Amino acid sequence: MASHAVDVDHREPNYLEVRGRHDGILGWIMSTDHKRIGLMYLFLLLIFFISAMTLGFFMRLEQWTVGQTLMDAKTYNTLFTVHGVIMVFLVVVPGIPATLGNFFLPLQLGAKDVAFPRLNLLSWWLYLSGALIIFLALFYGGLPDTGWTFYAPYNVRTTTNVPLAVFGVFILGFSSILTGLNFVTTMHQMRAPGMGWFQMPLFCWGLYATGWIQVLATPILGITMLLVLVEKTLHIGVFNPAIGGDPILYQHLFWIYSHPAVYIMILPAMGIISEIMPTFSRRTIFGYKAIAYSSLAIALAGSLVWGHHMFTTGQSFTANVIFSLLTFLVGIPTAIKVLNWVATLYKGSIRLEPPLLFALSFIFLFSIGGFTGLMQGVLNLDIHLHDTYFVVAHFHYVMFGGTIMGLFAGLHYWFPKMFGKMYQKSWANIAWALQLVGFNMLYFTMLVMGYNGMPRRYYDHLEYFNFGHKLATVGSWVLISGILIMFINLLHGLLKGEKAPSNPWGGTTLEWQIEDLPPLENFDEIPEVHGGPYDHNTEAEVAK
Amino acid sequence: MSSHTDALVAHKHPSDFEGAKIAMWLFLFTEILLFGGLFILYAVYRFLYPVDFHNAAIELNTALGATNTLVLLTSSLTVVLSIEALQRGNRKLSLWMLGLTILCALAFLVIKYFEWSAKFHHGLYPGAEELLTHSNGEVIFFNMYYAMTGLHGVHVLVGMAILSGMFYFIARKPVDKERMGFDIIERLRGGAHLAVVADNGNEIGKVLEIDDKVRNIDIKVTYEMVPEKYDPRNLIKLENSALYWHIVDVIWIFLFPLFYLIT
């Protein structure tokens, strides 16, 4: 197919058709093209997402009745551990930067590729290796059952193969660092002529802040994982009190990374929302600089709040107060973003297409997630909420309702530019509605149950909670059916969809200015940029 | 090369030296933070067990530690001299200095080996019965000692590997490789012939046929007889390798007083 297309019209083949040094699968897994790498990440990521979602489905099913329904407590422990490890380390953390970020960062900057294409491919290989090592841990010595946080003393006492799983996470951290480093350098060096920092699309700003956190926070996770590893293999006591260590230190080190990592997960999603809002309101974004700076502010403040995970560990009262205060401060830049997104809609000519629907549900769900987060930042209230379903539901509102909804929004937004095809909008709308309803049935119920005292990580519950659990489980079915319909619709669009126009939504950023699918090196000529990224009110636009 | 060739190699990726530097510094941040986690642990435990740390530090051999400090500082000097030499086009001197650096790294590891084996001999290693008879703070001191100098040792090894790789890159004959753009290859397809012609009209390259199987055309230039010629990309690689080596050195500068000199 590829060669025919070239012979007939002599246009440059697009990135899917182009023939490199290798053919077939090698042409993908050895490709340094950022677009192909982005799609390879996406492919793996969706597989991991669906498998971890299936585990979640069975966890909900276990809670259908009081007592044992499907599995024993030990199995339930491994299930939530594996669900968490896959979702956090393999899906949500690499998530948007690795997939859509890889694909669209150079396109939005007007660059031919990222700064270090080979390093980018290496990141993908490290990601694959880390994932394989984690899956290997399943077959040698049993699934880990410590929860996704690998807390000491669980990691000390468990007999399962935690060292191998931890090593996998370490490798994934490497992949994450290299991606961050690559993106930051790309944005410093490869912006198109005329594109100053404040003419950069806001998705890039999200990736920029993310890149810095990836570089600065991930090494702490790396050293923590290494220490767990040497403690378990070489008996160098660091966290195990029996050989001189301190388990609380593990929590500190773990959250010094893992709280900033929450912002690694959410900032790129916020970037996607900042792209979608102006496009579907047909006006420039409200408060461009405020959104750009607030990304940096979130990255900065978010690095200093890890102690709010540890209010109940007996750390000093002074530390608690400081961490609580800083936690509230993170709420400010986040609220600035939400305010600006909503203000962008005001007096815009709104087109309610699927990407905007997903973006709106992001704002709704993420706001609930944010507010429940602040509730847990209150020192006395957190004593009540700690280790309950409230925490779990909050986390899912932020990570699922935030990051994953952002990813879905981005997929629907950029799908035509990635594949040149269009999905069926009506089915996308149905999938969106099911997801929104199912999501709230599942997680809002969990918020309420948690507030009433349902503890997390129990495979069983009291009769009192049975109605709530049944409701949440039904919600999980609705949610999953919505997700499946969405994937089938996208897959159908990919295989049999109509050909999409070059710029179906009327986007103003550089990626939409490319005719059809982008060629191997994106731009025949590096474009020159005039004005801001979301100028919908140019004369040409008005004339239309 | 002539301007004709310059036009041919339109799609060559630019070597972005500044970008490479930025990326290297970002990577160094990650190294500092990696060790930063350990330094935090050290600080906490030192604060909790000041007397035990004092007693345990007496066990360490300060003379060997100081020698190693000297060795590493010297190696930092030689690696800088190596860069300096390459910048001036003196490949031979650059290689000598780089070789000295690698030797210093090796010397460091050998001294470290003897130090560690002496400790092992006295039963002062993680998990040893003997060590567990000591007080908790002393146990932690030695745990931290092995964790931190061990991780540092791994970095010395990696640094050695990188510097050896650089030695190879600088030692071999400089080669330039230029890739032609897609549009040019398309124009040449279907039996066109390609020759490399110098400015004065002399044909220097072979005449080749470009059939449909050809996907990329690279022009490879090997500098056989030009001793002062070096691949400019090697310079940035060497500078970045040296930066890595400096961070290994700097970390040791902190480890040395924290473990050996706190008695």
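What follows is calculated from the coordinates using simple rules that are stated; it is not laboratory data. Remember, predicted model here, so these are calculated numbers, not experimental data. Cβ atoms come from the backbone with ideal geometry, glycine included; neighbour counts cover every protein chain shown.
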Discussion item. Between B:LEU48, B:LEU163, B:LEU100, where does the largest GNM mean-square fluctuation fall for chain B, given springs only between Cα atoms within less than 10 Å?
Written reply: B:LEU48
Worksheet, complete the sentence: Most exposed to least, judged by fewest other Cβ atoms within 10 Å, A:ARG456, A:ARG60, B:ARG88, B:ARG233 sort to B:ARG88, B:ARG233, A:ARG456, A:ARG60
Discussion item. Tell me whether the protein assembly as shown comes out rounded, prolate or oblate; compute the Cα gyration tensor, take square roots of the eigenvalues as a ≥ b ≥ c, and use a/c under 1.5 as the rounded threshold.
Written reply: oblate
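What FRET efficiency do you get for A:LEU26 and A:PHE58 if R0 is 45 Å and r is their Cβ-Cβ distance, rounded to the nearest 0.05?
Working: r = 37 Å, r/R0 = 0.82.
It comes out at approximately 0.75.
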Practice prompt. Would you grab the residues whose amide H sits under 5 Å from the one on B:ALA192? Only those 5+ places off in sequence or on another chain, please, with H modelled 1.01 Å from N.
Written response: B:ILE210
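How do A:CYS204, B:CYS104 line up, fewest other C-beta atoms within 10 Å first? Intermediate results must be reported in sequence, preceding the final value.
Numbers: A:CYS204 29, B:CYS104 26.
If I rank by nearby Cβ atoms, fewest first, I get B:CYS104, A:CYS204.
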Worksheet item: How about A:LYS470: which aspartates and glutamates have a C-alpha closer than 17 Å to its C-alpha, ignoring those fewer than 8 places off in the same chain?
Response: A:GLU62, A:ASP460
Fill in: Alpha carbon centroid spacing (whole Å) that separates segment A:60-92 from segment B:41-80
47 Å
Practice prompt. List the relative contact order of chain A as a percent without decimals, with contacts defined as Cα pairs under 8 Å and 6+ residues apart.
Written response: 18 percent
Worksheet item: Alpha carbon centre of segment A:405-467 versus segment A:150-229: separation in Å?
Response: 26 Å
Worksheet item: Can you give the FRET efficiency for A:TYR293 and B:PHE169, using 1/(1 + (r/R0)^6), R0 = 45 Å, r = Cβ-Cβ distance, to the nearest 0.05?
Response: 0.60
Worksheet item: For the pair B:LEU64 and A:ILE350, what calculated FRET efficiency results from E = 1/(1 + (r/R0)^6), where r is the Cβ-Cβ distance and R0 = 51 Å, to the nearest 0.05?
Response: 0.10
Discussion item. Helix-only mean residue ellipticity at 222 nm, the protein assembly as shown, DSSP H runs n ≥ 4 weighted -39,500 (n - 2.57), per residue, nearest 500. What is it?
Written reply: -22500 deg cm²/dmol
Worksheet item: In terms of Cα to Cα distance under 15 Å, which aspartates and glutamates are near enough to A:LYS425, apart from those fewer than 8 places away along the same chain?
Response: A:GLU353, A:GLU498
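Of all the stretches in chain B, which is the longest one without any exposed loop site, taking GluC sites (Glu not before Pro) in a DSSP loop (any state but H, G, I, E, B) with at most 11 other Cβ atoms within 10 Å?
Details: sites that count: B:GLU224, B:GLU228.
That gives B:1-223 as the longest site-free run.
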Practice prompt. Could you list which residues have their amide H under 5 Å from that of A:LYS421, counting only those 5 or more apart in sequence or on another chain, with H placed in the peptide plane?
Written response: A:ALA500
Worksheet item: What nm value, rounded to one decimal, do you get for the distance between A:LEU16 and B:LYS177 when each label is placed 7 Å out toward the C-beta?
Response: 3.1 nm
Worksheet item: Which residues in segment A:244-259 place their backbone N less than 17 Å from a point set 7 Å from the Cα of A:ARG457 along the Cα-to-Cβ direction?
Response: A:247-256, A:258-259
Worksheet item: Could you state the number of Å between the C-alpha centres of segment A:352-367 and segment A:32-49?
Response: 24 Å
Worksheet, complete the sentence: Taking a crude spin-label model, label points 7 Å out from Cα along the C-beta direction, the B:SER117 to A:SER51 distance in nm is 4.6 nm
